[in-house]
Amino acid sequence: MAVQEDVFKKVISHAKEYGYVFQSSEIYDGLSAVYDYAQNGAELKKNIREYWWKAMVQLNDNIVGLDAAIFMHPTTWKASGHVDAFNDPLIDNKDSKKRYRADVLVEDYVGKIESKIEKEVKKAAKRFGDAFDKKQFLATNQRVVDYQEQADTILKRLGKSLEREDLADVKKLIEELEIACPMSGSKNWTDVKQFNLMFGTKLGASADTAMDLYLRPETAQGIFVNFLNVQKTSRMKIPFGIAQTGKAFRNEIVARQFIFRMREFEQMEMQFFVKPGSQKEWYEKWKENRMKWHLSLGMGEDNYRFHDHEKLAHYADAAADIEFRFPFGFKELEGIHSRTDFDLSKHQEFSGKKLQYFDTEENKNYVPYVVETSIGLDRMFLAIFSNSLKEEELENGSTRTVLKIPAVLAPTKAAVFPLVKKDGLPELAQEIVDDLKWEFNVIYDQKDAVGRRYRRQDANGTPFCITVDHQSLEDKTVTIRHRDTMEQQRVAIADVKGIIHQEVDMKAWLQKMQD
Ligand code: GAP
């Protein structure tokens, strides 16, 4: 656990030191669970958004984009159920006065059991070597089977209690498991209470006439209320999808994990409208498609897993998370939900406007069912950033810090260095920058020895360094160094663009989804 915490601390400090993420309003001591993206962070975020948008909107003939406003008519949230049911169960520790999400306390307890299982697996894999069969081991090793059963029983009970709104049983579960406050070790808990996560605000200048509004807690509702407008103006036929990215706001109870759980964050959501009865089939298809999107980034199959929900949200008939191995364990990265016709039907009811589709094949009107994919952009950022940060031992005994961000998403694609600051090398290096910058984010760097410049760019996540030396003036060649392998090649300046393209081209990366 301590090792995990150290890794996470390194991730946070590296994100600050290299201009990725800053605490919001830091000069005023910051704002809890609100963050700003700095010069590199803004680029990485933009690239992730584009990678998602291309895969969703550009490559699917039957998905179109939308950019709905953050402010929405307040009835939206009454209809969607958020006013009444968008709650988290909170519990306070009477001694430390710290507030927690009761379900997260229990899930963290289960996380510890799962870590024990992982430890057993690692030990056995070492012992059995190539002959190790993980599936068989998980099914037959008595200790592991017992751990798994214990974890499943706890989660099942938690799911049931939350579904029944039996908050007294959630407290009982915490007490039975002897869960202590992580800050103080105290087991002196208050009762569990529900807490609504929406932020309220007001629209209008006069106190008498101002309208109470909410900052949207998800982008999805902007899609639902525009469903018919988009369908009619785009002449889309079912099945079709609407995608959008944008800010969402939640007054999170527990917000202590950097950009994992923020109060202001960005979502990338897609609602796929389908014929009633076909939702299960589309749900499975989108689960598979979204996992392929993740795997196309090459961050390791072992770092992802599906988690099927025990407790379904008020709008869903099936739901799963894609979980990622963050520095603090496997946690939700993306949700795939079969939302039935809940949202459209509710908006129809509350607005009095028909939100139906006329199916020409069936010759009838119906309210479509919806399968949703919903991923947090900031959470995806954290997954990439934390997985990419490596400390490597080099052959000469030294170490290097390298940020192995998938090249397609790296904020800066190449850094160009003149070997020395004279003899016309800076001019040629600048010429190369001026040519490359039309296609890629590139930077010029002439400060310090070349070795230090390499280290700086490794830590910054830049996939290529290009060094201009005296030979470059004679034969128009440069050295190009690859971040991950540290290999260096002598290549013609005219070939540099092609080499970078080959590694950062979005098409090649996204095509891996078809493998
Ligand atoms: N429209 C469905 C929906 O909003 P959700 O599971 O509540 O579902 C979807 O959220 C995704 O949004 C999550 O998987 C997560 O990646 C991201 N997300 C949710 N709350 C977040 C928060 N407080 N901070 C950062 N990301 C968050």
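Short-range pairs are left out: with C-alpha atoms under 8 Å and at least six residues apart, the relative contact order of the stretch 132-216 is 15 percent.
Within the stretch 125-213, the GluC sites (Glu not before Pro) that combine a DSSP coil assignment with at most 13 other C-beta atoms in a 10 angstrom radius are GLU165, GLU178.
Normalised by the residues of the stretch 383-515, what does the relative contact order come to in percent, with Cα pairs under 8 Å and at least six apart? Before the final figure, lay out the partial values.
Numbers: 217 pairs, mean separation 32.0, N = 133.
Relative contact order for the stretch 383-515 comes out at 24 percent.
Mind jotting down the distance between the C-alpha centroids of the stretch 113-133 and the stretch 233-255, whole Å? Going from one Cα centre to the other spans 40 Å. Remark: ASP88, ASP448 ranked as ASP448, ASP88, counting other beta-carbon atoms within 10 Å and listing the fewest first. Helix 425-436 versus the longest principal axis of the chain: what is the Cα-based angle in degrees, 0 to 90, to the nearest 10? So the inclination is approximately 40 degrees. Here ARG339, ARG157, ARG143, ARG235 are placed in order of increasing Cβ neighbour count within 10 Å, fewest first, which gives ARG235, ARG143, ARG157, ARG339. Under the combined filter of DSSP loop state and at most 11 neighbouring Cβ atoms within 10 Å, the stretch 422-483 retains these trypsin sites (Lys or Arg not before Pro): LYS422, LYS447, LYS476. Taken about its Cα centre, the stretch 77-209 carries a charge dipole of about 460 debye when Lys and Arg each add +1 at the Cβ and Asp and Glu each add -1 at the Cβ. The stretch 465-500 and the stretch 33-78 have their alpha-carbon centroids 36 Å apart.
222 nm [θ] for the chain, helices only, -39500 (n - 2.57) per DSSP H run of 4+, per residue, to 500?
On the way: 18 runs with 206 residues, N = 515.
The helix-only estimate for the chain comes to -12500 deg cm²/dmol at 222 nm.
Principal-axis analysis of the Cα atoms of the chain puts helix 167-176 at an angle of about 60° to the longest axis. Each part reduced to its alpha carbon centroid, the stretch 299-343 and the stretch 152-217 end up 20 Å apart. Quick check on my link table: of LYS285/LYS507; LYS122/LYS172; LYS16/LYS437; LYS45/LYS353, which ones sit more than 32 Å apart, alpha carbon to alpha carbon? Violating the 32 Å limit, Cα to Cα: LYS122/LYS172; LYS45/LYS353. In the chain, the longest principal axis of the Cα atoms and the axis of helix 279-295 are about 20 degrees apart. Taking other Cβ atoms within 10 Å as a rough exposure proxy, THR76, THR479, THR201 sort from fewest to most as THR201, THR479, THR76.
Every read-out reported here was derived from the displayed coordinates using simple, explicitly stated rules and does not represent laboratory data. All values reported here derive from a predicted model rather than from experimental measurement. Don't worry about glycine lacking a Cβ; one is built from the backbone with ideal geometry, like all the others, and counts go over all protein chains shown.
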